[in-house]
Amino acid sequence: MQNENALIQQLQNKEERALSFLYDKYAGAIYSVILKMTRDEGIAQNLLQDTFMSVWEKANSYDNSKGRFYTWIFRIARNKTLNFLRKNDPLIQTDDFSVYDSKEATISKDADFLELNGAITSLEAHHKQAIELVYFKGLTHKEAHQEMDVPLGTFKSYVRQALKQLRTAYTKSISVVLLIFNVL
């Protein structure tokens with residue numbers, strides 16, 4: 001296989017063969033990220049195709065001094081997926097489903113959210129920032145530690161300590177916390 005930098009240059013010169021090679025190299029990893037976010041194979045396949053169409057159209061905007069090519073594609077895919085999910089998840093309820101839902105379930109969900117939100121806001125500033133960078137902004141640990149300007153090992157310990165504090169503060173299991181972070 002050719003050198004990645006040469007393939008990227010060919011992609012920027014609009015050579016379709018380069019897109020094909022890069023697709024073969026990255027599509028599996030990007031698809032799994034999209035599938036994890038959408039939990040729907042058909043939607044994930046469409047978003048993967050949209051992602052690589054954007055890669056083709058925006059190839060000249062890639063700057064290798066700002067990060068790896070995979071990270072650039074990952075962010076395009078993540079943004080497309082989040083936009084899709086936001087677009088298809090209306091913020092205003094237009095139908096009245098109150099007949100089917102018990103008020104106790106709604107109160108319980110609201111209480112869980114408030115409890116989790118309270119647990120997050122009670123974290124020390126550096127722990128809260130670490131959680132926000134990784135779980136809400138989608139940065140990798142490597143990118144986030146650079147953002148916080150701390151060593152990678154220190155950053156990882158911030159995340160571990162924050163999750164431990166959330167586990168203690170939040171009465172539900174950590175899997176619920178992680179599930180909520182994945183949904184957001």
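Applying a threshold of 7 Å to beta carbon distances and a minimum spacing of six or more residues, or different chains, the list of pairs starting in the stretch 136-151 at a residue that is in a helix (DSSP H, G or I) and ending at one that is charged (D, E, K, R) reads HIS141/LYS156.
There is no residue in the stretch 104-115 that is among the basic types (Lys, Arg) and at pLDDT 80 or above.
Out of curiosity, is SER98 of a type in the set (Gly, Ala, Ser), outside any helix (DSSP H, G or I), within 28 Å of SER32 (Cα to Cα) and modelled with pLDDT under 90? Even if it seems obvious, please write down each step before you answer.
Values: of a type in the set (Gly, Ala, Ser): yes; outside any helix (DSSP H, G or I): yes; within 28 Å of SER32 (Cα to Cα): no; modelled with pLDDT under 90: yes.
Judged against the criteria, SER98 is not a match.
For LEU133, the conditions (1) of a type outside the set (Gly, Ala, Ser); (2) modelled with pLDDT under 80; (3) buried (at least 17 other Cβ atoms within 10 Å of the Cβ); (4) part of a helix (DSSP H, G or I) all hold with the exception of (2).
Considering only the stretch 38-75, how many residues are part of a helix (DSSP H, G or I), closer than 16 Å to LEU139 by Cα and touching a Phe, Trp or Tyr at 6+ places or on another chain (Cβ under 9 Å)? Steps first, answer last, please.
We begin by selecting, within the stretch 38-75, every residue part of a helix (DSSP H, G or I); these are 38, 41-57, 59-61, 69-75.
Add one more test, that the residue is closer than 16 Å to LEU139 by Cα, and what stays is 69-75.
From what's left, touching a Phe, Trp or Tyr at 6+ places or on another chain (Cβ under 9 Å): 69-70, 72-74.
Of the residues in the stretch 38-75, 5 are part of a helix (DSSP H, G or I), closer than 16 Å to LEU139 by Cα and touching a Phe, Trp or Tyr at 6+ places or on another chain (Cβ under 9 Å).
Filtering PHE74, PHE84, PHE69 for residues that are modelled with pLDDT under 95, hydrophobic (A, V, I, L, M, F, W, C) and within 22 Å of LYS14 (Cβ to Cβ) leaves a single hit, PHE69.
Within the stretch 159-168, does at least one residue satisfy the condition of being in contact with a helix residue (DSSP H, G or I) (Cβ under 7 Å, 6 or more places away or on another chain), outside the structural domain of TYR70 (by TED's automatic domain parsing), free of Cβ contacts under 8 Å to residues at least 12 places away in the same chain and assigned to a helix (DSSP H, G or I)? Checked against the condition, which is being in contact with a helix residue (DSSP H, G or I) (Cβ under 7 Å, 6 or more places away or on another chain), outside the structural domain of TYR70 (by TED's automatic domain parsing), free of Cβ contacts under 8 Å to residues at least 12 places away in the same chain and assigned to a helix (DSSP H, G or I), the stretch 159-168 yields at least one hit.
Being among the acidic types (Asp, Glu) and closer than 20 Å to ASN83 by Cβ, is that true of even one residue in the stretch 17-24? Working first, answer last.
The initial filter retains those residues of the stretch 17-24 that are among the acidic types (Asp, Glu), namely 24.
In the following step, the residues that additionally are closer than 20 Å to ASN83 by Cβ were identified as none.
No, the conditions are met nowhere in the stretch 17-24.
Sort out which residues of the stretch 51-74 are of a type outside the set (S, T, N, Q) and touching a residue at least 40 places away in the same chain (Cβ under 8 Å), and write them in order of number. Steps first, please.
So in the stretch 51-74, the residues of a type outside the set (S, T, N, Q) come out as 52-53, 55-59, 62-63, 66-70, 72-74.
Of everything in the stretch 51-74, those that are of a type outside the set (S, T, N, Q) and touching a residue at least 40 places away in the same chain (Cβ under 8 Å) turn out to be VAL55, TRP56, ALA59, TYR62, GLY67, PHE69, TYR70, ILE73, PHE74.
Within the stretch 46-66, not a single residue is within 14 Å of the chain's Cα centre (by Cα) and modelled with pLDDT under 90.
Restricting the search to the stretch 157-179, which residues are buried (at least 16 other Cβ atoms within 10 Å of the Cβ) and either at pLDDT 80 or above or small (Gly, Ala, Ser) (or both)? Explain how you work it out, then say what you get.
Filtering the stretch 157-179 down to residues buried (at least 16 other Cβ atoms within 10 Å of the Cβ) leaves 158-159, 162-163, 165-166, 170, 177.
Scanning the stretch 157-179 gives TYR158, VAL159, ALA162, LEU163, GLN165.
The values are calculated or read from the model by the stated rules, or taken from the named source; none is laboratory data. Quick caveat, the model's predicted, so the values are computed rather than measured. All Cβ positions, glycine included, derive from the backbone under ideal geometry; neighbour counts span all protein chains shown.
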